[in-house]
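What follows is one structure encoded as structure tokens, with my remarks underneath.
The values are calculated or read from the model by the stated rules, or taken from the named source; none is laboratory data. Here the structure is a predicted model, which is why all the values come from computation and not from measurement. All Cβ positions, even for glycine, are placed from backbone atoms using ideal geometry, and neighbour counts span all protein chains on display. We work out accessible area using only protein heavy atoms, side chains counted, and drop any ligands, DNA or RNA first. Shrake-Rupley method; radii C 1.70, N 1.55, O 1.52, S 1.80 Å.
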Amino acid sequence: DTGVSQDPRHKITKRGQNVTFRCDPISEHNRLYWYRQTLGQGPEFLTYFQNEAQLEKSRLLSDRFSAERPKGSFSTLEIQRTEQGDSAMYLCASSSPSYQETQYFGPGTRLLVL
Amino acid sequence: QQQVKQSPQSLIVQKGGISIINCAYENTAFDYFPWYQQFPGKGPALLIAIRPDVSEKKEGRFTISFNKSAKQFSLHIMDSQPGDSATYFCAASITPGTYKYIFGTGTRLKVLA
């Protein structure tokens, strides 16, 4: 078992460009969470899925952000028209049906918007 | 009410000493309290967690003490080692059953050899 994986690990983009990140959860984990972490802060909840259903979105997730989890496996997080304030580490976590309280985090995607 | 306040911001401990990190919350609906360890450039890794009906939980050198009436909980790292040098985050599940976490601001621990 390889754990939660995220791709890319680093992304540098110019303001106004669109970016997409991918998260592959641990096999058979039905819940998948996205968090954002800025320097010196704890992760902030963005959204989560149970299987393919997106159950909740934070107010932090503006209209420029969209997340999907087709077929209940991997998930993508897209940011449209990026702004410098979007620069952060984007973390994905997953949990199993039997132990939903235990979230396993991926290594994150560090985004820098110039 | 949707906050977890963590202290101290940074901590320096001698090898073999005890590291203590504290967190406080206000919302009594919080129902699960994990602690995560994060190394630079890595995602957080679960260390230990507790539910509010338990006052203490120990796993190896790590202990959580939970005071439900005071709405406080703390992480104790016994026999601290240089390899424990990392940032530690407390968290709370802010909606029962969803395990949507709210995190503290983190404590940067440095253990001197």
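Taking the protein heavy atoms of the protein assembly as shown in the context of the full set of protein chains, the accessible area attributed to carbon and sulfur is 47 percent at 1.4 Å.
For the stretch B:1-88, the alpha carbon convex hull comes to 100 Å³ per residue, rounded to a whole number. Percent of Cα-Cα pairs per 10 Å bin, from 0 to the last occupied bin, for chain A, please list those. P(r) over chain A, rounded to whole percents: 15, 50, 29, 5, 0. Diffusion of the stretch B:1-41 by Stokes-Einstein, at 10 °C in a medium of 1.306 mPa s and with Rh set to the Kirkwood radius over alpha-carbon pairs, works out to 125 µm²/s. If one computes the Cα centroid of the stretch A:72-114 and of the stretch B:43-91, what distance in Å separates the two points? Answer, in whole Å: 24. Taken residue by residue and averaged, Cβ atoms of other chains lying within 10 Å of the Cβ of A:97-103 number 5.
Each residue of the stretch B:97-111 is assigned a 3J(HN,Hα), and the resulting list reads x, 8, 6, 8, 8, 10, 9, x, 7, x, 10, 8, 9, 10, 9 Hz, derived from the Karplus form 6.51 cos²θ - 1.76 cosθ + 1.60 (θ = phi - 60°), x at Gly and Pro. Rounded to the nearest whole Hz, the Karplus-based 3J(HN,Hα) values (6.51 cos²θ - 1.76 cosθ + 1.60, θ = phi - 60°) of the stretch B:86-93 follow the sequence 5, 9, 10, 10, 8, 8, 9, 7, with x at glycine and proline.
Across peptide B:36-43, the mean count of Cβ atoms from other chains lying within 10 Å of each residue's own Cβ comes to 4. Computed from protein heavy atoms with a 1.4 Å probe, the total accessible area buried between B and A is close to 1500 Å². Backbone N atoms of the stretch A:47-79 closer than 16 Å to the 7 Å Cα→Cβ label point of A:Gln17 belong to residues A:78-79. Here each label is just a point 7 Å from Cα along the line to Cβ, and for B:Thr28 and A:Arg9 those points are 4.7 nm apart.
How shielded is B:93-105 by partner chains, expressed as the average number of their Cβ atoms within 10 Å of its Cβ atoms?
Neighbouring Cβ atoms belonging to other protein chains average 5 per residue here.
Note on A:Gln41 and A:Lys71: with the Förster distance fixed at 25 Å, the Cβ-Cβ geometry gives a FRET efficiency of about 0.15. Rounded to whole numbers, the Karplus 3J(HN,Hα) couplings from phi for the stretch B:20-31 are 10, 10, 10, 9, 9, 9, 10, 7, 6, 7, 4, 10 Hz, using 6.51 cos²θ - 1.76 cosθ + 1.60 with θ = phi - 60°, and x at Gly and Pro.
To one decimal place, what Kirkwood hydrodynamic radius in Å is obtained for the protein assembly as shown from all pairs of distinct Cα atoms?
Kirkwood radius, the protein assembly as shown: 18.1 Å.
Please give me, ordered by residue number, the trypsin sites (Lys or Arg not before Pro) of the stretch A:36-107 that lie in loop per DSSP and have at most 14 other Cβ atoms within 10 Å. Passing both the DSSP loop test and the Cβ count: A:Arg59, A:Arg64, A:Arg81. The residues of the stretch B:46-106 expose, per residue, 41 Å² of accessible area to a 1.4 Å probe.
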